[in-house]
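Any read-out appearing in this document is the output of simple, stated calculations on the displayed coordinates, not a laboratory observation. These numbers were taken from a predicted model, which means no experiment stands behind them. Virtual Cβ from ideal backbone geometry, glycine too; neighbours counted across all protein chains shown.
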């Protein structure tokens, strides 16, 4: 249990580190991250499905996922370059901190955005977020539509 608490604390510290560092870098570049961007980065920590749906809908209305991913990657790399000026160990520290997020079930979204910028390959489970739910709903709707069409075809044949 103590190891679990340590792991949770480490993941929380890693989360705070990257969220704070991304916000600082975005402000330094003159384009701060919006509230919805921060919520989307922290998406995996949203507990209520309604809140998750609201955040995803607001995000997709305002932002392109690929452009956002590119922006976050750029911010991570710029922050790392800035930190490396004062700390030659910054690259190793960044990789160590991002690896703390890797196993955290509450930080998959943040990990999926930050890790590629640090040269860490992101596997499918880390990428799972709201699109998984959206995809499942889409499959159900398609299945129901096909079933309805088959029933109509059988009736009017």
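Annotations
- Full extension of the segment from residue 135 to residue 19, taken as 0.36 nm per residue of separation minus the current Cα-Cα distance, would add 39.0 nm.
- Pairwise label distance in nanometres, residue 153 with residue 48, each label 7 Å out on the Cα-Cβ vector: 4.3
- From least to most packed, judged by other beta carbons within 10 angstrom and beginning with the fewest, 151, 72 follow the order 151, 72.
- Residues 35, 47, 95 in ascending order of nearby Cβ atoms (within 10 Å, fewest first): 47, 35, 95.
- Taking all C-alpha pairs of the chain, those more than 29 Å from each other amount to 29 percent.
- Extending 7 Å from Cα along the Cβ direction at residue 145 and again at residue 77 yields two label points whose distance is 3.9 nm.
- Extension reserve of the residue 63-residue 96 stretch, reckoned as 0.36 nm per residue once the Cα distance is removed: 8.9 nm
- Folded to 0 to 90 degrees: helix 65-86 orientation relative to the chain principal axis, Cα: 10
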